[in-house]
Amino acid sequence: MLASQFRGRIAALFGRRPSVEVRPLEPSSAELCYGLHRQCFAHAWSPTEFETLTASSANLADGAYIEGTNELVGFVVSRIVAGEAEILTIAVEPRLRGQGLGRQLLQAHMAALVSKKVGAVFLEVEDTNAAALALYARIGFEQIGRREGYYRQGRDRPAAALTMRKLLS
Ligand SMILES: CC(C)(COP(=O)(O)OP(=O)(O)OC[C@H]1O[C@@H](n2cnc3c(N)ncnc32)[C@H](O)[C@@H]1OP(=O)(O)O)[C@@H](O)C(=O)NCCC(=O)NCCS
(Lines give C-alpha, C1' and ligand atoms only; values in the text may rest on other atoms or scores of the structure.)
Protein backbone atom coordinates (compact mmCIF):
# COMPACT_ATOMS: atom_id res chain seq x y z
CA MET A 1 0.00 0.00 0.00
CA LEU A 2 1.27 3.46 -0.89
CA ALA A 3 1.92 5.95 1.91
CA SER A 4 -0.87 8.24 0.60
CA GLN A 5 -3.35 5.33 0.57
CA PHE A 6 -2.37 4.41 4.10
CA ARG A 7 -2.74 8.00 5.32
CA GLY A 8 -6.15 8.27 3.65
CA ARG A 9 -7.45 5.11 5.29
CA ILE A 10 -6.17 6.13 8.73
CA ALA A 11 -7.69 9.63 8.43
CA ALA A 12 -11.06 8.17 7.40
CA LEU A 13 -10.90 5.62 10.21
CA PHE A 14 -10.54 8.37 12.81
CA GLY A 15 -13.22 10.56 11.23
CA ARG A 16 -10.67 13.07 9.92
CA ARG A 17 -10.94 14.43 6.44
CA PRO A 18 -8.60 12.47 4.15
CA SER A 19 -6.93 14.18 1.18
CA VAL A 20 -9.21 13.83 -1.77
CA GLU A 21 -8.65 14.25 -5.50
CA VAL A 22 -11.39 14.93 -8.05
CA ARG A 23 -11.14 13.19 -11.41
CA PRO A 24 -13.53 12.08 -14.15
CA LEU A 25 -15.68 9.07 -13.36
CA GLU A 26 -15.14 6.11 -15.65
CA PRO A 27 -18.00 3.76 -16.67
CA SER A 28 -16.01 1.09 -14.78
CA SER A 29 -16.85 2.98 -11.55
CA ALA A 30 -20.57 2.19 -12.00
CA GLU A 31 -20.67 -0.39 -9.19
CA LEU A 32 -18.89 1.99 -6.81
CA CYS A 33 -21.30 4.79 -7.72
CA TYR A 34 -24.25 2.51 -7.11
CA GLY A 35 -22.84 1.50 -3.70
CA LEU A 36 -22.42 5.14 -2.69
CA HIS A 37 -25.71 6.31 -4.20
CA ARG A 38 -27.74 3.74 -2.25
CA GLN A 39 -26.19 5.02 0.99
CA CYS A 40 -27.27 8.56 0.13
CA PHE A 41 -30.70 8.33 -1.51
CA ALA A 42 -33.91 6.42 -0.78
CA HIS A 43 -34.25 5.43 -4.44
CA ALA A 44 -30.91 4.04 -5.61
CA TRP A 45 -29.93 4.19 -9.27
CA SER A 46 -28.70 0.88 -10.64
CA PRO A 47 -25.12 0.12 -11.76
CA THR A 48 -26.45 -0.01 -15.34
CA GLU A 49 -27.89 3.48 -14.99
CA PHE A 50 -24.52 4.74 -13.77
CA GLU A 51 -22.74 2.97 -16.60
CA THR A 52 -25.04 4.72 -19.09
CA LEU A 53 -24.70 8.09 -17.36
CA THR A 54 -20.92 8.01 -17.26
CA ALA A 55 -20.57 6.66 -20.81
CA SER A 56 -22.69 9.40 -22.38
CA SER A 57 -20.76 12.19 -24.04
CA ALA A 58 -23.61 14.56 -23.11
CA ASN A 59 -22.80 14.11 -19.42
CA LEU A 60 -19.96 15.32 -17.26
CA ALA A 61 -19.25 13.01 -14.33
CA ASP A 62 -16.63 13.58 -11.65
CA GLY A 63 -15.63 11.42 -8.72
CA ALA A 64 -13.94 12.34 -5.45
CA TYR A 65 -11.36 9.70 -4.60
CA ILE A 66 -9.17 9.33 -1.55
CA GLU A 67 -5.84 10.54 -2.89
CA GLY A 68 -3.77 7.89 -4.59
CA THR A 69 -6.56 5.30 -4.48
CA ASN A 70 -9.67 4.20 -6.34
CA GLU A 71 -11.73 4.59 -3.18
CA LEU A 72 -14.75 6.62 -4.27
CA VAL A 73 -16.12 8.94 -1.57
CA GLY A 74 -18.26 11.29 -3.64
CA PHE A 75 -19.51 12.00 -7.13
CA VAL A 76 -21.37 14.55 -9.18
CA VAL A 77 -22.98 14.10 -12.60
CA SER A 78 -24.41 16.78 -14.85
CA ARG A 79 -25.94 16.80 -18.29
CA ILE A 80 -24.97 19.45 -20.81
CA VAL A 81 -27.48 20.63 -23.41
CA ALA A 82 -27.04 23.65 -25.68
CA GLY A 83 -24.41 25.33 -23.53
CA GLU A 84 -26.30 24.82 -20.25
CA ALA A 85 -25.83 22.13 -17.63
CA GLU A 86 -28.16 20.46 -15.16
CA ILE A 87 -26.79 18.72 -12.10
CA LEU A 88 -28.41 15.28 -12.03
CA THR A 89 -26.93 14.03 -8.79
CA ILE A 90 -24.29 14.82 -6.19
CA ALA A 91 -23.38 12.86 -3.09
CA VAL A 92 -20.67 12.49 -0.50
CA GLU A 93 -20.14 9.41 1.62
CA PRO A 94 -22.06 9.89 4.90
CA ARG A 95 -19.07 9.45 7.26
CA LEU A 96 -17.10 12.19 5.45
CA ARG A 97 -19.78 14.87 5.22
CA GLY A 98 -19.48 18.34 6.69
CA GLN A 99 -15.73 18.57 6.06
CA GLY A 100 -15.66 20.54 2.84
CA LEU A 101 -15.59 17.58 0.51
CA GLY A 102 -18.85 18.45 -1.24
CA ARG A 103 -17.53 21.96 -1.82
CA GLN A 104 -14.23 20.66 -3.23
CA LEU A 105 -16.07 18.26 -5.52
CA LEU A 106 -18.59 20.80 -6.78
CA GLN A 107 -15.98 23.54 -7.27
CA ALA A 108 -13.87 21.19 -9.39
CA HIS A 109 -16.94 20.16 -11.36
CA MET A 110 -17.94 23.78 -11.99
CA ALA A 111 -14.42 24.50 -13.23
CA ALA A 112 -14.73 21.56 -15.64
CA LEU A 113 -18.08 22.93 -16.85
CA VAL A 114 -16.48 26.35 -17.44
CA SER A 115 -13.79 24.68 -19.53
CA LYS A 116 -16.57 23.13 -21.63
CA LYS A 117 -17.97 26.62 -22.26
CA VAL A 118 -21.11 26.03 -20.19
CA GLY A 119 -22.83 29.35 -19.48
CA ALA A 120 -25.32 28.38 -16.77
CA VAL A 121 -25.89 25.48 -14.37
CA PHE A 122 -29.32 24.45 -13.05
CA LEU A 123 -30.45 22.01 -10.37
CA GLU A 124 -33.47 20.96 -8.33
CA VAL A 125 -33.18 20.46 -4.58
CA GLU A 126 -35.69 19.53 -1.91
CA ASP A 127 -36.53 22.60 0.14
CA THR A 128 -35.72 20.80 3.43
CA ASN A 129 -32.28 19.52 2.40
CA ALA A 130 -30.24 21.87 4.62
CA ALA A 131 -26.83 20.43 3.74
CA ALA A 132 -27.40 20.64 -0.01
CA LEU A 133 -28.91 24.13 0.25
CA ALA A 134 -25.89 25.33 2.23
CA LEU A 135 -23.51 23.78 -0.28
CA TYR A 136 -25.26 25.34 -3.29
CA ALA A 137 -25.45 28.75 -1.62
CA ARG A 138 -21.73 28.52 -0.86
CA ILE A 139 -20.98 27.84 -4.52
CA GLY A 140 -23.13 30.79 -5.57
CA PHE A 141 -26.37 29.19 -6.76
CA GLU A 142 -29.51 31.32 -6.51
CA GLN A 143 -33.10 30.19 -6.22
CA ILE A 144 -35.05 30.98 -9.37
CA GLY A 145 -38.18 28.90 -8.80
CA ARG A 146 -40.15 26.61 -6.55
CA ARG A 147 -42.11 23.52 -7.61
CA GLU A 148 -44.65 22.37 -5.03
CA GLY A 149 -45.12 18.62 -4.66
CA TYR A 150 -42.17 17.81 -6.94
CA TYR A 151 -40.76 14.97 -4.78
CA ARG A 152 -43.35 12.22 -4.27
CA GLN A 153 -41.69 8.81 -4.55
CA GLY A 154 -41.68 6.86 -1.27
CA ARG A 155 -43.14 9.74 0.79
CA ASP A 156 -46.29 10.19 2.81
CA ARG A 157 -46.36 13.86 1.86
CA PRO A 158 -44.92 15.33 -1.34
CA ALA A 159 -42.10 17.84 -0.86
CA ALA A 160 -41.30 21.01 -2.77
CA ALA A 161 -38.28 21.44 -5.01
CA LEU A 162 -36.33 24.65 -5.35
CA THR A 163 -34.94 25.34 -8.78
CA MET A 164 -31.51 26.95 -8.57
CA ARG A 165 -29.17 28.45 -11.11
CA LYS A 166 -25.61 29.69 -11.27
CA LEU A 167 -24.43 31.73 -14.21
CA LEU A 168 -20.89 30.95 -15.30
CA SER A 169 -20.45 33.59 -17.96
C1 LIG B 1 -25.22 17.65 0.08
C2 LIG B 1 -23.85 16.99 0.33
C3 LIG B 1 -23.28 16.54 -1.03
C4 LIG B 1 -22.91 18.02 0.96
O5 LIG B 1 -21.63 17.43 1.06
P6 LIG B 1 -20.63 17.82 2.26
O7 LIG B 1 -19.32 17.22 1.97
O8 LIG B 1 -21.26 17.47 3.56
O9 LIG B 1 -20.59 19.42 2.11
P10 LIG B 1 -19.46 20.40 2.69
O11 LIG B 1 -18.85 19.80 3.90
O12 LIG B 1 -18.57 20.81 1.59
O13 LIG B 1 -20.35 21.63 3.15
C14 LIG B 1 -20.72 22.67 2.27
C15 LIG B 1 -21.43 23.73 3.06
O16 LIG B 1 -22.65 23.21 3.60
C17 LIG B 1 -22.67 23.36 5.02
N18 LIG B 1 -23.30 22.17 5.56
C19 LIG B 1 -22.87 20.90 5.43
N20 LIG B 1 -23.75 20.07 6.04
C21 LIG B 1 -24.72 20.85 6.57
C22 LIG B 1 -25.90 20.58 7.29
N23 LIG B 1 -26.26 19.31 7.60
N24 LIG B 1 -26.70 21.62 7.66
C25 LIG B 1 -26.37 22.89 7.33
N26 LIG B 1 -25.25 23.21 6.62
C27 LIG B 1 -24.45 22.19 6.25
C28 LIG B 1 -21.22 23.46 5.43
O29 LIG B 1 -21.07 24.16 6.64
C30 LIG B 1 -20.62 24.20 4.26
O31 LIG B 1 -20.87 25.58 4.38
P32 LIG B 1 -19.63 26.61 4.50
O33 LIG B 1 -18.75 26.33 3.32
O34 LIG B 1 -20.29 27.93 4.44
O35 LIG B 1 -18.98 26.26 5.79
C36 LIG B 1 -23.99 15.79 1.29
O37 LIG B 1 -24.64 16.23 2.49
C38 LIG B 1 -24.75 14.61 0.74
O39 LIG B 1 -24.18 13.74 0.08
N40 LIG B 1 -26.06 14.53 1.01
C41 LIG B 1 -26.89 13.39 0.55
C42 LIG B 1 -27.17 13.48 -0.94
C43 LIG B 1 -27.88 14.78 -1.30
O44 LIG B 1 -28.78 15.23 -0.61
N45 LIG B 1 -27.47 15.36 -2.46
C46 LIG B 1 -28.05 16.59 -2.94
C47 LIG B 1 -29.27 16.31 -3.71
S48 LIG B 1 -29.96 17.80 -4.41
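Do we find a residue being crowded, with 16+ Cβ neighbours inside 10 Å and within 8 Å of the ligand (Cβ to nearest atom) anywhere in region 143-153? Within region 143-153, not a single residue is crowded, with 16+ Cβ neighbours inside 10 Å and within 8 Å of the ligand (Cβ to nearest atom). Residues that are basic (Lys, Arg) and within 7 Å of the ligand (Cβ to nearest atom) within region 95-115 comprise Arg97, Arg103, listed in sequence order.
For Ala137, state whether it is near the ligand (Cβ under 8 Å from one of its atoms) and either within 19 Å of Leu36 (Cα to Cα) or crowded, with 18+ Cβ neighbours inside 10 Å (or both). Taking the combined requirement at face value, the residue does not satisfy it. Checking Ala131 against (1) under 21 Å from Arg165 (Cβ atoms); (2) within 16 Å of the ligand (Cβ to nearest atom); (3) at pLDDT 95 or above; (4) part of a strand (DSSP E or B), which single condition isn't satisfied? Result: Ala131 passes all but (4). Looking at region 1-119, the strands (runs of 3 or more DSSP E) lying wholly inside it that each contain 3 or more residues that are of a type in the set (A, V, I, L, M) and modelled with pLDDT of 95 or more sit at 59-66, 72-81, 84-92. Do we have any residue at all in region 70-79 that's surrounded by fewer than 18 Cβ atoms within 10 Å (Cβ to Cβ), within 15 Å of the ligand (Cβ to nearest atom), more than 12 Å from the chain's Cα centre (by Cα) and closer than 25 Å to Tyr34 by Cα? Scanning region 70-79 turns up at least one residue that is surrounded by fewer than 18 Cβ atoms within 10 Å (Cβ to Cβ), within 15 Å of the ligand (Cβ to nearest atom), more than 12 Å from the chain's Cα centre (by Cα) and closer than 25 Å to Tyr34 by Cα. Just one residue in the set Val92, Val118 is β-branched (Val, Ile, Thr), in contact with a Gly (Cβ under 8 Å, 6 or more places away or on another chain), under 30 Å from Ile66 (Cβ atoms) and within 14 Å of the ligand (Cβ to nearest atom); that residue is Val92.
The values are calculated or read from the model by the stated rules, or taken from the named source; none is laboratory data. Please read all numbers here as calculations on a predicted model, not as lab measurements. When we count neighbours, we look across all protein chains shown, and the Cβ atoms used for this are built from the backbone with ideal geometry, even at glycine.
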